[in-house]
Structures are given as structure tokens and as C-alpha cells.
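Below is one structure, written out as C-alpha cells; comments come after it.
Each reported figure results from applying straightforward, stated rules to the coordinates on display, with no laboratory input. No experiment lies behind these values; they were computed from the predicted model shown. Cβ sites come from the backbone with ideal geometry, for glycine too, and all protein chains shown count toward neighbours.
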């Protein structure tokens, strides 16, 4: 863990029954996010971004065998999957790192969440738009391959029409979370 990192207790990432620690730090102009397990193993990755917005991150468990991390810079959310004792950033179909649009900057997203699935949870991308004074929310299921190295957009559905901007679904569609885990609850923030 880098000197000066902001750290907090997190889920049992490696499955040994002990609580692990997640952390975030500024290292050489990049944001580094990682996990140090109770046994002392450390997994981390770096993201370089020009965004002036604070950096936040967390880890969450999708299934008994799949742990993910989300790091956000307020403009994008960077997805990583823990695989073979390392964080891997899945690539999209065009070979570029799979990231989530926030604030609809590229016209395809405003938030990230997780929904219940047969074997745990699935990641979804949200797009909230204002329509006739209400909020319409579209949800896209994100499909991860078994190795965690590929991510693709799956089924798209409209989950809210005419919702109040303060409704639970509209708020969720404008945040980055995974179930009960978010930056505010189970995450870490890079202090400037």
C-alpha cells in the first residue's frame, strides 16, 4: 500500500474468511486503487485522468467467485475484475478498455449499478434522461466473460418512465454503486 493512501476495511476479497483493506492513492500523477488482503497480498491498478473531480473507488462481490472494482473520476467509471490474483480491466468489442460514461458526456450513460441475478449479481449501466419533466432510465446489462478480460453490452430495458428526479431509481442511475456498496458506503475517496 503506498504511503499516504486512504484505506478502509472492505469485503473478504480472497475468500479466506478475513476482512481485507481497500485503498486509494495518488502515485506519480496517476490514481492507484488496490486491495491488501489480511494475508498481506496486494492487488492494484492505476488510472490516469485529466478530470478535476475527486477519485473514488470500491470493491464488490458479484458472485461467490467474482469480485469487481469500480474507480470513478466523476466523468467515467473504470471497471476491473479480480482474476488470477490480479486486477484485470475488461476490453470492449473494439479492444479498448471497457469504461462507463457518467454525466452522459458521450451520450450513453449516467451511472453504474448491480442487479440481482440467478447466481448473485450482474453489472448494469444506467442512462437517465429528463423527458417532459420526469426522468426516464434505461438499463444495459453488462456481460463479462469467464476470464474477466472481455465486457460487452447485453440486453437494454427501460426501468423507469416519468420518475421524479429524487426517486430511488433516478438517484441510482446517477451514481456508481453495486448493491449496497458505493463510495459513501464501503468505498474510499482520494483526498487531495
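Before moving on, here are some points about what is shown:
- In region 6-189, the DSSP beta bridges split such that about 95 percent are antiparallel, to the nearest 5.
- Spatial offset of region 91-157 relative to region 48-62 amounts to 16 Å, using the alpha carbon center of each.
- For Rg and Dmax of the Cα atoms in Å, the candidate list reads (i) 17.1, 51; (ii) 16.3, 54; (iii) 15.7, 44; the entry that matches the value derived from this model is (ii).
- Order of 21, 106 under a 10 Å beta carbon neighbour criterion, fewest first: 106, 21
- Estimated FRET transfer efficiency (residue 51, residue 167; beta-carbon r; R0 25 Å; 0.05): 0.35
- Spin-label proximity, residue 9 to region 51-93 - amide N less than 20 Å from point 7 Å beyond Cα toward beta carbon: 57-61
- Global geometry of region 66-124, whether rounded, prolate or oblate, following the gyration tensor of its Cα atoms and the 1.5 cut on a/c: oblate
- Sites residue 1 and residue 86 - FRET efficiency at Förster radius 22 Å, r taken between beta-carbons, to 0.05: 0.85
- Shape class of region 4-104 from the Cα gyration tensor (axes a ≥ b ≥ c, square roots of the eigenvalues): oblate, since a/c reaches 1.5 or more and a/b does not exceed b/c.
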